[in-house]
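Reviewing the structure listed below.
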Amino acid sequence: MIKETKKSPAIRFRGFDGKWIEEKYGKIFSEVKSGLSRSLDIEDIGIPVVRANNISDGNLDLFHDVRYWYDNDPKGADINNYLVEKNDILINFINSESRMGTAAFVDIVPFRKTIYTTNILRVRVNKGYDSKFVFYTTQQEQYKEYIHSITKTAINQASFTTVDLKKYKLSIPKYEEQKHISGLMTCVDNLITLHQRKLDQLKTLKKYFLQNMFPAKGEKVPRIRFKGFTGDWEQRKLKDIANVIDPHPSHRAPAATETGIPFIGIGDVDEAGNINHSTARIVDEKIYDEHHKRYDLSIPSIGISRVASLGKVIRLRNDIGKYAVSPTMSIIQFYPGVDGGYVYSCISSPLFQKQFSSQSNGSTRQSVGIQDLRELIVLIPPIVNEQKEIGTFFWNFDNLITLHQHKLDQLQTLKKFMLQNLFI
């Protein structure tokens, strides 16, 4: 049976009707041009050059990891032939296989004259086509599948030809409908950028507090302290304030099952201790009872990775149902008189993390031994109320980070839905 091609999208703006037409990129593009091949400099010797590293999630980043070339090319090329201008689409076509076809849209004229490297195609479109609409077609799954089909792999890098790129077929409406769709997509992208920026700022601010709300090396009090607390903090070994448990002596993860309980790894939990059930492995529920003999997660606990993602810390919450933990982490359960929220924050601090990483060993897979972990030094306020103040502060901070992460995830899910339903 011949598959019938859709003639209109699932969701459409009011006032637009009629069938979308099938076109090839070759008809839509007015220009497809690769950039200059030069040995670029990390010093600003003339003009910025866009490379693959400057293209990320559809955006052009000219502020980080930028390389430069001379304004007057020593080899005689006319730099003006390679300028990046507003409404250009920049596409990776010679690079690692994972970057093939990834693109960025130039929303505004670069703040200074800018060119692009030979591994990138500069695409411009003919009159009657909206550049931003065409750019969004490079984020559709069928485009990615097509790029994968035309990509030729090699030892050092993959590539595809402009001839093959121009053969890509897509469905496209009239110009005004293109503009409406790209305008809505741009609004969602702007929201994603805003929430990503807020999230990055919160994480940066958290790092600042982790550096300053715990004593620096050789000091006994932090630079930032809650009002009303004085006196030196005490040095304790981790084993003196908590029971540090190796939950899996065999270090073997159980087999996955279709139904059961989550078996969480260090990457399956967010800052607030919520389990990501979409990534956690599901295992037989009887494993919970077997592991319960070695550790009781009804006791306030945290997990720290000793093998993969060295030093990453997660909260192991006791209010989210049954689960078991991966053999790549150790469980830390606090003794009476010690606030778990404080310890979680303390061992996330740069000073403890540096101490932890200094104990790592292994040539191919770094790890830290359970005995070494137990001997690590923790600086702790002797007054439990100060511990609780710090623990609560970072708990609230982590919940704020989680909230913004959830908003960002929702917007990205919305964008994916729109790409599937506003386009054909």
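Tabulated values for the structure
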{"read-out": "Extension gain, N126 back to I79 (0.36 nm per residue minus Cα-Cα distance, nm)", "value": "14.6 nm"}
{"read-out": "Sites R14 and D289, calculated FRET efficiency, Cβ-Cβ separation with R0 51 Å, nearest 0.05", "value": "0.30"}
{"read-out": "Residue-level accessible surface for W233, protein heavy atoms, 1.4 Å, Å²", "value": "10"}
{"read-out": "Net lengthening on full extension, Y335/E258 (0.36 nm per residue, minus Cα-Cα)", "value": "24.0 nm"}
{"read-out": "Computed lengthening from V221 to L62, 0.36 nm per intervening residue step minus Cα-Cα distance", "value": "53.1 nm"}
{"read-out": "With DNA, RNA and ligands ignored, accessible area of K207 (1.4 Å probe; Å², nearest 10)", "value": "130"}
{"read-out": "q = 0.19 Å⁻¹, the range 265-424: log10 I(q)/I(0) [Debye, one scatterer per Cα]", "value": "-1.31"}
{"read-out": "Solvent accessible area, Å² - H180, 1.4 Å probe, full protein context", "value": "80"}
{"read-out": "Distant alpha-carbon pairs in the chain (separation over 29 angstrom), percent", "value": "61"}
{"read-out": "Acute angle (nearest 10 degrees) that the helix 141-150 long axis makes with the longest principal axis of the chain, alpha-carbon atoms", "value": "70"}
{"read-out": "Cleavage-rule hits, trypsin sites (Lys or Arg not before Pro), the range 214-265, DSSP coil, Cβ neighbours within 10 Å at most 14", "value": "K217, K220, R223, K227, R252"}
{"read-out": "Packing-based ranking, highest mean first, of 280-286, 37-43 given that Cβ atoms within 10 Å are counted", "value": "280-286, 37-43"}
{"read-out": "Only Lys, Arg (+1) and Asp, Glu (-1) charged, at Cβ; the chain dipole about Cα centre in debye", "value": "680"}
{"read-out": "Net +/- balance of residues flanking Y208 in space, Cβ distance below 15 Å, scoring K and R +1, D and E -1", "value": "+3"}
{"read-out": "Between 0 and 90°, nearest 10: helix 384-421 axis offset from the chain longest Cα axis", "value": "20"}
{"read-out": "Subset of K24/K127; K286/K354; K6/K179; K86/K127 violating a 26 Å alpha-carbon distance limit", "value": "K286/K354"}
{"read-out": "Cβ-derived FRET efficiency at R0 41 Å, R365 paired with S159, nearest 0.05", "value": "0.80"}
{"read-out": "Cut-off under 5 Å, modelled amide H: who pairs with A158 long-range", "value": "N95, S96, E97"}
{"read-out": "For peptides 138-149, 335-346, sequence by mean Cβ density within 10 Å, most packed first", "value": "335-346, 138-149"}
{"read-out": "Taking the chain and dividing mean pair separation by its residue count, relative contact order in percent (alpha carbons under 8 Å, at least six apart)", "value": "16"}
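The values are calculated or read from the model by the stated rules, or taken from the named source; none is laboratory data. In this text the structure is predicted, and so the values were computed from the model without any measurement. Positions of Cβ are backbone-derived with ideal geometry, glycine not excepted, and every protein chain shown enters the neighbour counts. Heavy atoms of the whole protein, side chains included, go into the accessibility calculation; ligands, DNA and RNA do not. Shrake-Rupley method; radii C 1.70, N 1.55, O 1.52, S 1.80 Å.
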